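The values are calculated or read from the model by the stated rules, or taken from the named source; none is laboratory data. As the structure is a computational prediction, the values presented were derived from the model and not from experiment. As a convention, Cβ positions derive from the backbone with ideal geometry for all residues, glycine included, and neighbour counts pool all protein chains shown. Keep in mind that these areas ignore ligands, DNA and RNA; they rest on the heavy atoms of the full protein, side chains included. Shrake-Rupley method; radii C 1.70, N 1.55, O 1.52, S 1.80 Å.
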Amino acid sequence: MNMSDTPLLKVKDLSKFYGSRIGCQNVSFELWPGEVLAIVGESGSGKTTLLNCLATRLAPSAGSVEYRMRDGQFRDLYRLNEAERRFLMRTDWGFVHQNPADGLRMTVSAGANVGERLMAIGDRHYGNIRATATDWLGRVEIASDRIDDQPRAFSGGMRQRLQIARNLVTNPRLVFMDEPTGGLDVSVQARLLDLLRGLVSDLGLAAIVVTHDLAVARLLSHRMMVMKDGHIVETGLTDRVLDDPQAPYTQLLVSSILQV
Amino acid sequence: MPTPLVVSDVAKSFTMHLRDGIRLPVVANVSFSIKAGECAVLGGPSGAGKSSILKMVYGNYAVDQGQIIVPYGDRLVDLASADPRTVLGVRRDMIGYVSQFLRTVPRVSALDVVAEPLVARGIDRTEARDKAAALLAGLNLPERLWSLPPATFSGGEQQRVNIARGFITDHPILLLDEPTASLDAKNREVVVSMIRSKKEAGIAMLGIFHDEDVREAVADRIIDVTAFAVQGEAA
């Protein structure tokens, strides 16, 4: 873990209302470089709403999200111009969707899916792009002879690994993940988790991972926020929250895990 | 050098919100300190709160009140109130922990499980693996197991992986939660000599040992946990 002394992201009193219904309310936290934060809670708790508000995919109703740009300056994400916002989305950030089809282009080749992000930041040399794409497919354990296949021909686990490669190829500093292992078989999940865990720590990425699976949170995250009805009910070191949960709702969540 | 670990007036209880909010007091007025090169052993029957004290010192259990002071860099940190990022930093640089059970990660080899605390501190992976190999060899773990994930190992084999992982760093504080519980006599002896080397290196240790022979061999002092029982509230 390589954490500098300045946060990467500063979130203050962030709220999102859908009419009179609460999406999330008064969420404040800071995220440091190299830190993995898990947001856990059941369906409808507001965790995906929060993630989308942080990643500028959804406009919040109130509050601020400040991000430390590569020049060291903090910028309010909702005051960026379109070009700056696109730079973040295409280069400095990644967003891994639960359903790989939402994050991939299903009808272009695996290599082009990875290469597209490189072209978006100005890389024009076909040989370099293909070499980088091949390297990244290898890092996510996709055989190099599949580089010209479309993701449509891939299994769910492979698609998810491809989506991860597509996101990480530009060396982002922050990656958002929405249930990255949801919908995968358990054995496929284990492989993906191990891969993610290795990549996140090797690259020193900061990540915000939304999951309803506490085992995923334990394996991937340093710190956890537990959400219920749009509010943060507990926050702390991941193993502390899971081994000594304080809030009634966290105790319920932890006690509901099935033992195998 | 400041005292590596000072625990003062610490109290812990569990509130079971799913059981009508029953409050289970565990310990109160826990106060002790451990000097460099000293091995203090928490004594008392099961349920007295020995493990809870160890887990509070590691930041794994929340602390109701009191302070747990550890020198960190040029300042003193109170682990009872420190933010998660500070606790992680203190764990990385100051506190080693041999837990009772190994929490395995799919697909990570025993050698890498042991090397990980060094890698986390920025030490070259090859060097970390060499040191891990030396420790596993010293603990008589068969070399054919080193490249396998420990999930399928026996209890004693997993425990030796756990011990090697805890002892690989030169953290000034080492917490030991029954490190010898499922070891045979030969490997218990190995662990005893490893603890002695740590003492000579000036490491402050706090441990739980149910095995009397091991306790006799390593303890400089017994901290009687029954003295921290919560008065007037029968558990």
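Evaluating 6.51 cos²θ - 1.76 cosθ + 1.60 at θ = phi - 60° for every residue in region A:110-120, the Karplus couplings come out as 4, x, 5, 4, 6, x, 4, 5, 5, 5, 5 Hz, glycine and proline recorded as x. Among the residues of region A:175-194, those with an accessible-area drop of 10 Å² or more from chain alone to full protein complex, heavy atoms and 1.4 Å probe, are A:Ala190, A:Arg191, A:Asp194.
Explain nothing, just compute: Karplus ³J(HN,Hα) = 6.51 cos²θ - 1.76 cosθ + 1.60, θ = phi - 60°, for every residue of region A:141-154 in order, whole Hz, x for Gly and Pro. Couplings: 6, 10, 4, 5, 7, 9, 4, 9, 7, 7, x, 3, 8, 9 Hz.
Contact residues in region B:12-44 by the 30 Å² criterion (accessible area, 1.4 Å probe, full protein complex versus chain alone): B:His17, B:Leu18. Among B:Lys35/B:Lys199; A:Lys10/A:Lys47; B:Lys55/B:Lys198; B:Lys131/B:Lys198; B:Lys12/B:Lys50, which pairs are too far apart, with a Cα-Cα distance over 19 Å? Pairs exceeding 19 Å: B:Lys55/B:Lys198. Computed in the context of the full set of protein chains, the accessible area of region A:104-171 at 1.4 Å probe radius has 48% of its extent on carbon or sulfur. Computed from the Cβ-Cβ distance with R0 of 35 Å, the FRET efficiency linking B:Ala185 to B:Arg23 stands at 0.25.
Taking amide hydrogens as placed 1.01 Å from N in the peptide plane, the amide H of B:Tyr61 sits under 5 Å from those of B:Met56, each at least 5 positions away in sequence or on another chain. Each part gets one Cα centre, and for region B:70-141 versus region A:234-248 those centres are 21 Å apart.
Could you tell me which of rounded, prolate or oblate describes region A:31-71, using a ≥ b ≥ c as the square roots of the eigenvalues of the alpha-carbon gyration tensor, with rounded for a/c under 1.5 and, failing that, prolate when a/b is larger than b/c and oblate otherwise? Judged from the Cα gyration tensor, region A:31-71 comes out oblate (a/c at least 1.5, b/c at or above a/b). Computed from the Cβ-Cβ distance with R0 of 35 Å, the FRET efficiency linking A:Ile121 to A:Glu30 stands at 0.80. Counted residue by residue at 0.36 nm each, then reduced by the alpha carbon distance between them, the extension gain from B:Thr3 to B:Gln65 reaches 20.3 nm.
Solvent-accessible surface of the protein assembly as shown, averaged per residue with a 1.4 angstrom probe and all protein chains in place: 44 square angstrom.
Annotation: the antiparallel percentage among DSSP beta bridges lying fully within chain A is about 55. Residues in region A:166-175 carry Karplus couplings, in order, of 4, 6, 8, 4, 8, 6, x, 9, 9, 10 Hz; the curve used is 6.51 cos²θ - 1.76 cosθ + 1.60 with θ = phi - 60°, and Gly or Pro positions show x. In chain B, the DSSP-assigned H stretches of four residues or longer account for a calculated mean residue ellipticity at 222 nm of -10500 deg cm²/dmol, using -39500 (n - 2.57) per stretch and the full residue count as denominator. Roll a 1.4 angstrom probe over the protein heavy atoms and tell me the percent of accessible area of region B:93-235 that is carbon or sulfur. Summing carbon and sulfur atoms, their accessible area is 49 percent of the total for region B:93-235. Within 10 Å of the Cβ of each residue in A:237-244, the mean number of Cβ atoms contributed by other protein chains is 6.
Chain A and chain B together bury an accessible surface of about 2100 square angstrom, both sides counted, with a 1.4 Å probe and no ligands or nucleic acids included.
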